[in-house]
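Asks: Please find one structure pasted underneath; my questions will follow.
Since every read-out is calculated from the coordinates, none of them should be taken as a lab result. It should be emphasised that the depicted structure is a prediction, and the values quoted were computed from it without experimental measurement. Using ideal geometry, Cβ is built from the backbone for each residue, glycine included, and neighbour counts are taken over all protein chains shown.
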Amino acid sequence: MSHTVEQIALKSSSPGTQRFLKVHRFNAAKPGPKVYMQAALHADEWPGLLTLQHLITELMDLDKRDLLRGEIVIVPYANPIGMDQRLNGVVLGRHSFSAEGNFNRHWPDFSAVTKAVRDQDPQSSVEQYRQALRKAVAQLPTQTPLAELKATLLELSIDADIVLDLHCDSQALVHIYANYRQRQDSQLLAQCMRSPIVLLEDEPGGSPFDAAHILPWIAIESESCPVSCFTATIELRGFADVDDQLAKVDAQGLVNFLSAKDVIQAAPSMIETRVLTTDLEAVDSVRATATGIVCWTKELGEWVEKGELIAEVVDLLADSPAAGRTAIYSRTRGMLFTTNIGKLVCEGDNIGKIAGTEVLVNETGEGLLSL
Ligand SMILES: [Zn+2]
């Protein structure tokens, strides 16, 4: 058996308190890739927390049966700082209370590290690049609790062959964000996870966690040195989609993917899924056209046509409620795959997303990910 559990003490920002990360490792005797998985870097996104509990149980069983290869590292909750940010009983885990921004933005870019190794010796091995990456991570600043948390997570993940970051949206179908260079593995992951949508990008902007793992490889990508880390962000539906049944399905999806990548030596249990793979630039953010209560006329997963009515905003100030409705029409043809759980909206709010196939003009000039 190769399962070990480690507890890593983290810096605390207030006297008399202490935070910890838990790390589950499966270090199989048989050689194989290194896989890293974490949940709830956005600390208010909880489906992945339960999914990883089910996955660990499953892996412990597979480990006993000697069916694992390589190394699997699981951080079952990635952000104890964010989980502690409660205001009036609500966990606000997307942005740091310490004014250090969105927890899944501003991760370091180690492209200069791999480029320096390549410039010194173009024949450098993947392991030599990884050594340099580990060294660079060890030198990251750790003066704040969040900086230290980021450095700790990177120390565990930067040299992995596969990095999966589990998030969720507000209300949503399962969907996957990945780099367009990794279309094949992303589609395989989607099949395994029964995810109907894969969104591919070249550079999402904002420097999320997954980009920190792929950018150093893209920087030196060549025929002799292919991108040596598959990384994806998996959105496990919406905030409220946390129950044992869904978590079991998603844990099985991760087991399927690890089986397909030969990290688990067992046949995957697949169910054929129709997957829409498209550009992240073909995702339209639906904006509220007025202030009021939004009423959707389309369900998640429905296809909509360009110009079709998808929602109405009910104006609470209207003298005649029936006349006080403002229509929202789809600006693209595609699948409605996320909507906001909050129904009281302000004009201009992003309230949903439609995945189409036509690349759209970026009207705001912002990065491709929401803030
Ligand atoms: Zn998230």
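Asks: Going by Cα centres, segment 1-43 and segment 279-321 are how many Å apart?
Replies: If we compute the Cα centre of each part, the gap is 41 Å.
Asks: Moving on to the next point. Counting DSSP beta bridges in the chain, what percent are antiparallel, to the nearest 5?
Replies: Percentage antiparallel, nearest 5: 65.
Asks: Quick check of the Kirkwood formula: for segment 235-371, what is the inverse mean of 1/r over all pairs of different Cα atoms, in Å? Walk me through the numbers before you get to the answer.
Replies: Working: mean 1/r = 0.0578 Å⁻¹.
Every distinct Cα pair counted, the radius reaches 17.3 Å.
Asks: Here's another thing I want to ask about it. Over segment 153-256, what portion of Cα pair distances is larger than 24 Å, expressed as a whole percent?
Replies: Values: 1270 of 5356 pairs.
Everything past 24 Å amounts to 24 percent.
Asks: Check cross-link reach from residue 298 to the lysines: straight Cα distance under 16 Å, and skip same-chain residues fewer than eight apart.
Replies: Cα-Cα hits under 16 Å: 306, 343, 353.
Asks: Another question, then. In terms of the Cα gyration tensor, with a ≥ b ≥ c the square roots of its eigenvalues, is segment 3-274 rounded because a/c is under 1.5, prolate because a/b exceeds b/c, or oblate?
Replies: Details: a/c = 1.36, a/b = 1.03, b/c = 1.31.
Verdict is rounded for segment 3-274.
Asks: If you don't mind, there's one more thing I want to ask. Using the Cα atoms of segment 280-356 to build a convex hull, what is its mean projected area in square nanometres?
Replies: On the way: hull surface 18.5 nm².
Its Cα hull, projected and averaged over all orientations, spans 4.6 nm².
Asks: In addition: Show that you can apply the helix-only estimate: for the chain, add -39,500 (n - 2.57) for every DSSP H stretch of four or more residues, divide by all residues, and state [θ] at 222 nm to the nearest 500.
Replies: Working: 8 runs with 96 residues, N = 371.
The helix-only estimate for the chain comes to -8000 deg cm²/dmol at 222 nm.
Asks: Further question: Quick one, can you get me the convex hull of the C-alpha atoms of segment 1-131 expressed as volume per residue in Å³? Could you put the intermediate results ahead of the total?
Replies: Values: hull volume 18.8 nm³, N = 131.
Hull volume normalised by residue count: 143 Å³.
Asks: Rg and Dmax of segment 57-190, using alpha carbons, in Å: what are they?
Replies: Taking only Cα atoms of segment 57-190, I get Rg and Dmax of 17.9, 56 Å.
Asks: Would you kindly state how much longer the chain becomes between residue 66 and residue 320 on full extension, computed as 0.36 nm times their sequence separation minus their alpha carbon distance, in nm to one decimal? Spell out each step's value before the answer.
Replies: Values: separation 254, 0.36 × 254 = 91.44 nm, distance 6.88 nm.
Extra length from residue 66 to residue 320 when fully extended: 84.6 nm.
Asks: Report, ordered by chain and residue number, the aspartates and glutamates lying within cross-link reach of residue 22, taken as a straight Cα distance under 13 Å and ignoring same-chain residues fewer than 8 apart.
Replies: The reachable aspartates and glutamates, counting only those whose Cα sits under 13 Å from residue 22, are 6.
Asks: Using a basic spin-label model with each label point 7 Å from the Cα along Cα→Cβ, how many nm lie between residue 90 and residue 302?
Replies: Each label point is offset 7 Å from its Cα along the Cβ direction, giving 2.7 nm.
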